[in-house]
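Visitor: Have a look at this one before I ask anything.
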Amino acid sequence: MPSKNYNFDFYECSTFNSSANAIPRTSFEILNGMLAKYEQGDSCVKQIGSNSYELRHFEATAYGFKGIIGKHRQNDLPHAAVIGGVEREIELAANENLLEKAYFSYYSDYSVLILQRNHLCISSNNMGKYLTESAYVTSLNPVIEAADLRWLLNNHVQIRTAEFSIARPTNPELFNDIEHDFNNSIIATLNGTGTAQLNISLRGNARSDVAEERYLASTLKGALRELQTKFDVKKCKLLLEDDETLITHPVDLVADRLFFTKQIEVEGRYPPIIEMWAALDESRAEKENELANYFGDLNQERLA
């Protein structure tokens, strides 16, 4: 039987109030409310951009929740063909769509969401939007090395150099809802040049003692976080410097983020459901030490 590699990415799931009058709710409470709707027969459909997302499966577990989220594609359907043969349109009934799926699990102890990497289905950015409800905004932030996170969160730490490589997304919907001007300029470059892979190197003036010249703009930190959720980032290496002590620290936001890869035998074109659930369980077990280093003692305040 043929096999494929499936990747599972780790995210810290955080929910914040967008209204001062709203009663605080946790990500667990948001998901638990979603479970109640699902069990009552509500498919939990949400429109994000031009696509409809719904829970195809959702259940409570001893550790939190697990589920399958699906994206319905209603426009720009691909054609079917054999190599060298004639193309034909894929015929769907009037009420049918193409469906892409991604598996996920949520662990309430660390509020960690492990999401199957399937950019044709959903990005971490859109998963956060799916879990956002009225006055409660949910975000998914990649889990990275604890030491790197401490540097990034330090207000005195600036970016001296940044080197990254971005592959052009095959899914144009990833271009939607970009917030940072820096990332919008990357999109314009990719669209205007037909570039398959963009390599960028940014450097401050290391000889200058003036902060505005020595370091890159402080807004770049947020732009790089968004970059990771929207694009297939092949490389993202930063050289950080404490503007008080001038101590430097290299950070690799690609190599140092937490993910798990599992080779699974596929039935036809798709993996068996039971094997995907087992892979999600195994991913948590394999990365337990890294999660403990990132979050620390469950009874202590978190890094982020």
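The values are calculated or read from the model by the stated rules, or taken from the named source; none is laboratory data. This structure is a prediction, so every number in the text was calculated from the model and none was measured. Note that we place each Cβ from the backbone using ideal geometry, even for glycine, and neighbour counts take in every protein chain shown. Remember, those area values only see protein heavy atoms, side chains included, never the ligands or the DNA or RNA. Shrake-Rupley method; radii C 1.70, N 1.55, O 1.52, S 1.80 Å.
Visitor: Cβ-Cβ below 7 Å, separation at least six or inter-chain, first residue in the stretch 202-213 and farther than 13 Å from Ala162 by Cα, second in a loop (DSSP other than H, G, I, E, B) and among the polar types (S, T, N, Q): which pairs?
Guide: Taking only residues 6 or more apart or on different chains, the pairs are Glu213/Asn205.
Visitor: From the residues in the stretch 104-116 that are outside any strand (DSSP E or B) and either touching a strand residue (DSSP E or B) at 6+ places or on another chain (Cβ under 7 Å) or hydrophobic (A, V, I, L, M, F, W, C) (or both), which one is surrounded by the most Cβ atoms within 10 Å (Cβ to Cβ)?
Guide: Here is the first cut: in the stretch 104-116, the ones outside any strand (DSSP E or B) are 108-111.
Of the ones still in play, those that are also either touching a strand residue (DSSP E or B) at 6+ places or on another chain (Cβ under 7 Å) or hydrophobic (A, V, I, L, M, F, W, C) (or both) are 108, 111.
Numbers: Ser108: 17, Ser111: 19.
Per the stated criteria, the residue is Ser111.
Visitor: Filter the stretch 117-127 for residues that are crowded, with 23+ Cβ neighbours inside 10 Å and of a type outside the set (A, V, I, L, M, F, W, C) and give the result. Write out each step before concluding.
Guide: First pass over the stretch 117-127, keeping only residues crowded, with 23+ Cβ neighbours inside 10 Å: 121-123, 126-127.
Listed by number, the residues that qualify are Ser123, Asn126.
Visitor: A further question follows. Got a sec? Which of Leu120, Leu140 is assigned to a loop (DSSP other than H, G, I, E, B) and in contact with a strand residue (DSSP E or B) (Cβ under 6 Å, 6 or more places away or on another chain)? Steps first, please.
Guide: Working: Leu140 fails: assigned to a loop (DSSP other than H, G, I, E, B).
Answer to the selection: Leu120.
Visitor: Answer with yes or no whether Lys101 is surrounded by fewer than 19 Cβ atoms within 10 Å (Cβ to Cβ), under 20 Å from the mean Cα position of the chain (by Cα) and in contact (Cβ under 8 Å) with a residue 40 or more places away in the chain.
Guide: Values: surrounded by fewer than 19 Cβ atoms within 10 Å (Cβ to Cβ): yes; under 20 Å from the mean Cα position of the chain (by Cα): yes; in contact (Cβ under 8 Å) with a residue 40 or more places away in the chain: yes.
Yes: the conditions hold for Lys101.
Visitor: Conditions: (1) at pLDDT below 95; (2) crowded, with 18+ Cβ neighbours inside 10 Å. His72 meets all but one. Number of the miss?
Guide: With (1) at pLDDT below 95; (2) crowded, with 18+ Cβ neighbours inside 10 Å applied to His72, the lone miss is (2).
Visitor: Here's another thing I want to ask about it. Say we look at the stretch 146-166 and pick out the residues that are in a helix (DSSP H, G or I) and among the small types (Gly, Ala, Ser); which of these is farthest from the chain's Cα centre (by Cα)? Step through it out loud before you land on a result.
Guide: Step one: list which residues in the stretch 146-166 are in a helix (DSSP H, G or I), which gives 146-153.
Restricting the remaining residues to those that are among the small types (Gly, Ala, Ser) gives 146-147.
Numbers: Ala146: 18, Ala147: 21 Å.
My answer is Ala147.
Visitor: State all residues of the stretch 85-98 that are open to solvent by 100 Å² or more (accessible area, probe 1.4 Å), free of Cβ contacts under 8 Å to residues at least 12 places away in the same chain and not hydrophobic (A, V, I, L, M, F, W, C); if no residue qualifies, say none. First the steps, then the outcome.
Guide: Residues of the stretch 85-98 open to solvent by 100 Å² or more (accessible area, probe 1.4 Å): 86-89, 91, 94-95.
Applying the additional criterion that residues be free of Cβ contacts under 8 Å to residues at least 12 places away in the same chain yields 86-88, 91, 94-95.
Passing the criteria: Glu87, Arg88, Glu91, Asn95.
Okay, residues lined up against (1) assigned to a strand (DSSP E or B); (2) among the polar types (S, T, N, Q); (3) in contact with a His (Cβ under 8 Å, 6 or more places away or on another chain):
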site: Tyr53; (1), (2), (3): yes, no, yes
site: His57; (1), (2), (3): yes, no, no
site: Ala62; (1), (2), (3): no, no, no
site: Ile69; (1), (2), (3): yes, no, no
site: Gly85; (1), (2), (3): no, no, no
site: Leu92; (1), (2), (3): no, no, no
site: Asn95; (1), (2), (3): no, yes, no
site: Leu99; (1), (2), (3): yes, no, yes
site: Ala102; (1), (2), (3): yes, no, no
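Visitor: Going by the conditions given, is Ala36 over 27 Å from Leu253 (Cβ atoms), of a type in the set (A, V, I, L, M), in contact with a Lys or Arg (Cβ under 9 Å, 6 or more places away or on another chain) and open to solvent by 20 Å² or more (accessible area, probe 1.4 Å)?
Guide: Values: over 27 Å from Leu253 (Cβ atoms): yes; of a type in the set (A, V, I, L, M): yes; in contact with a Lys or Arg (Cβ under 9 Å, 6 or more places away or on another chain): no; open to solvent by 20 Å² or more (accessible area, probe 1.4 Å): yes.
Criteria not met by Ala36.
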